[in-house]
1. Using a 10 angstrom Cβ neighbour count of at most 14 plus a DSSP loop assignment to flag exposed chymotrypsin sites (Phe, Trp or Tyr not before Pro), which longest range of the chain is free of such sites?
2. Neighbouring Cβ atoms within 10 Å as the yardstick, rank ILE16, ILE9, ILE65 fewest first.
3. Going by how many other beta carbons lie within 10 Å of each one, how would you line up LEU41, LEU88, LEU21, fewest first?
4. List, in the order given, every pair from LYS47/LYS77; LYS14/LYS77; LYS29/LYS58; LYS46/LYS72; LYS11/LYS46 whose Cα-Cα distance in the structure shown is over 20 Å.
5. Can you list the HN-Hα couplings for segment 38-45, worked out from phi with the Karplus curve (6.51, -1.76, 1.60; θ = phi - 60°), rounded to whole Hz and with x for Gly and Pro?
6. Once amide H atoms are built 1.01 Å from N in the peptide plane, which residues 5 or more positions from TYR25, or in another chain, come under 5 Å H to H?
7. Per DSSP H run of n ≥ 4, the term is -39500 (n - 2.57); total these for the chain, divide by its residue number, and report the mean residue ellipticity at 222 nm rounded to 500 deg cm²/dmol.
8. To the nearest 20 Debye, how big is the dipole of segment 14-88 about its Cα centre, given +1 on the beta carbon of each Lys and Arg and -1 on that of each Asp and Glu?
Amino acid sequence: MEKESNLGIKKEVKKIVVYRLMHAYNVGKDKDYEEIRTIGLYSTRKKAKQVMESYMKKKGFKSHIDGFWIDKWEVDKHFEWRDGFISL
C-alpha cells in the first residue's frame with residue numbers, strides 16, 4: 001500500500017495485521033448466556049494456533065474445545081460505528 005507524504009513523495013506503508021485468539025461457551029440454567037474471553041493477540045496465525053492448542057488442554061477450556069476461534073485484525077483500520085449507534 002502506498003501513501004503520499006506532505007512533500008509529494010510516495011512511500012510504501014506496510015499493513016500491520018494481528019491475530020486475535022478468542023474463546024466462548026454458553027452458561028446459565030438454560031445456556032442462554034455466552035461467556036466470551038479474549039486470550040491474546042499474536043503476530044502470526046501460527047502462533048495463535050499454537051497457543052490455542054495449549055489452552056485446549058487446560059482446565060475449563062478442554063470441556064469446551066469447540067469454543068475457540070482466531071480472527072485477523074488490521075491495525076489502524078476503522079471497523080463499523082462510524083456514524084455512531086442507537087439503542088433499541
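1. Details: sites that count: PHE79, TRP81, PHE85.
My reading of the result: 1-78 is the longest stretch.
2. Numbers: ILE16 11, ILE9 8, ILE65 14.
Ranked by crowding around the Cβ, least crowded first: ILE9, ILE16, ILE65.
3. Values: LEU41 13, LEU88 3, LEU21 22.
The order, fewest Cβ neighbours first, is LEU88, LEU41, LEU21.
4. On the way: LYS47/LYS77 22 Å; LYS14/LYS77 13 Å; LYS29/LYS58 24 Å; LYS46/LYS72 12 Å; LYS11/LYS46 29 Å.
Too far apart for the 20 Å limit: LYS47/LYS77; LYS29/LYS58; LYS11/LYS46.
5. Values, residue by residue: 8, 8, x, 10, 9, 6, 9, 5 Hz.
6. So TYR25 has HN proximity to GLU35.
7. Working: 1 runs with 11 residues, N = 88.
About -4000 deg cm²/dmol.
8. Values: 17 positive and 11 negative charges, 128 e Å.
The dipole magnitude comes to about 620 debye.
Any read-out appearing in this document is the output of simple, stated calculations on the displayed coordinates, not a laboratory observation. None of the values given here were measured: they were computed from a predicted structure. So basically every Cβ, Gly included, is an ideal-geometry build from the backbone, and we count neighbours across all protein chains shown.
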